[in-house]
1. Using amide H atoms built 1.01 Å from N in the peptide plane, name the residues 5+ places from Ala86, or on other chains, whose amide H lies under 5 Å from its own.
2. Can you check what the net charge comes to around Glu154, using other residues whose Cβ is under 12 Å from the Cβ of Glu154 (Lys, Arg +1; Asp, Glu -1)?
3. Treating the beta-carbon of each Lys and Arg as +1 and of each Asp and Glu as -1, no other charges, what is the dipole magnitude of the chain about its Cα centre, to the nearest 20 debye?
4. Which pairs, out of Lys96/Lys248; Lys51/Lys96; Lys127/Lys180; Lys96/Lys127; Lys100/Lys248; Lys166/Lys248, put more than 29 Å between their alpha-carbon atoms?
5. May I ask you to order 154-161, 57-64 by the average number of other C-beta atoms within 10 Å around their residues, highest value first?
6. What order, most packed first, do the peptides 201-208, 119-126 have when packing is the mean number of other Cβ atoms within 10 Å of each residue?
7. Could you grab the relative contact order for the chain? Cα pairs under 8 Å, six or more apart, rounded to a whole percent.
8. Using just the C-alpha positions of segment 160-264 as equal point scatterers, what log10 of I(q)/I(0) does the Debye formula give at each q in 0.15, 0.19, 0.22 1/Å?
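Derivation of every value follows stated rules applied to the coordinates shown; laboratory data play no part. Only a predicted model underlies this, so the values are computations on that prediction, with no experimental measurement involved. Neighbour counts run over all protein chains shown; Cβ positions are idealised from the backbone, glycine included.
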Amino acid sequence: MFTGVTGFFGSPGNRDMGERLLNTVASQSIRHLFTRSESIEVSIRCYPSSKILQGAIDGLQMQGRGLLIRNDFPMEEMSFQTDAVALDFSALLGGKLRLKQPTQAVAQITLSEAGINQSFQAKLVTKRLENLTQPTLTEVSGGNPVSFKEVSVELLPNHQIRLLAKTDVGGGELIPIAMKATLVVERRRRIIFSEAQFEEDRIPPELCDRAQTLTQALADILNDMVDLDRFDLDGVTLRINRLETQGKNLLFSGYAQIDHFPDT
């Protein structure tokens, strides 16, 4: 049987078929990283194909569009590309993609402005913005718990964003807040809202003093919240080298540490 499998992968006429098998299994495994995906294309380089019998491939490339993580966090696009990878050949025959050892890949992610705003409605995010009792906030609200609602983001050139929200300070009073900030990567995994600037021209004059305090408080909360480790995929850890705003998209480039792929 082993000789037959060797002959199958080694035969010139079946090399493409062997790579298609690899691509199919890899696509099924990677698709399970996401709650939903519009398209996932996987290309595995392995020449000669018989190398797969030793669990060796030359590299794996993935391109995905319309991806959703944890039901609430959309990505327009995600791609990664590895160098040589060691696979478990017996698992492959069983329809599973199993790594013999962790591997790293160059990764790129594109988030849309609309997708970022959708993420602000996720329970994982809203629960950290509601019923807050930090002294800085309760001094403004007269002791009432404070909640930030209707958070929206506008992407601007040069890594900048504009953030708008309404602050519920109790008693039915909503105080609007507005700020501009520069997005900065910290420790390759956290996104910091740096150089936050209160935009008082967007706020009624009689509310400006309280709105400014609330704006800075929200910036501090977000700086403690946007951490990639909170959104890791199953078996894949993402790290960022750089980011940039490009029109209505936010682009990240970095790497992915891949420990394992989910079972199909």
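1. Close amide H contacts, sequence-distant or interchain: Lys100, Gln101.
2. Working: positive: Arg162, Lys180, Arg202, Lys248; negative: Glu113, Glu199.
It works out to a net charge of +2.
3. Details: 28 positive and 33 negative charges, 208 e Å.
Computed charge dipole of the chain: roughly 1000 debye.
4. Numbers: Lys96/Lys248 37 Å; Lys51/Lys96 17 Å; Lys127/Lys180 23 Å; Lys96/Lys127 37 Å; Lys100/Lys248 40 Å; Lys166/Lys248 23 Å.
Listed pairs above 29 Å: Lys96/Lys248; Lys96/Lys127; Lys100/Lys248.
5. Details: 154-161: 14.4, 57-64: 19.0.
Packing order, densest peptide first, comes out as 57-64, 154-161.
6. Values: 201-208: 12.5, 119-126: 15.5.
Those peptides, ordered most packed to least, come out 119-126, 201-208.
7. Details: 563 pairs, mean separation 44.7, N = 264.
Relative contact order for the chain comes out at 17 percent.
8. Calculated log10 I(q)/I(0) at the listed q: -0.73, -0.96, -1.13.
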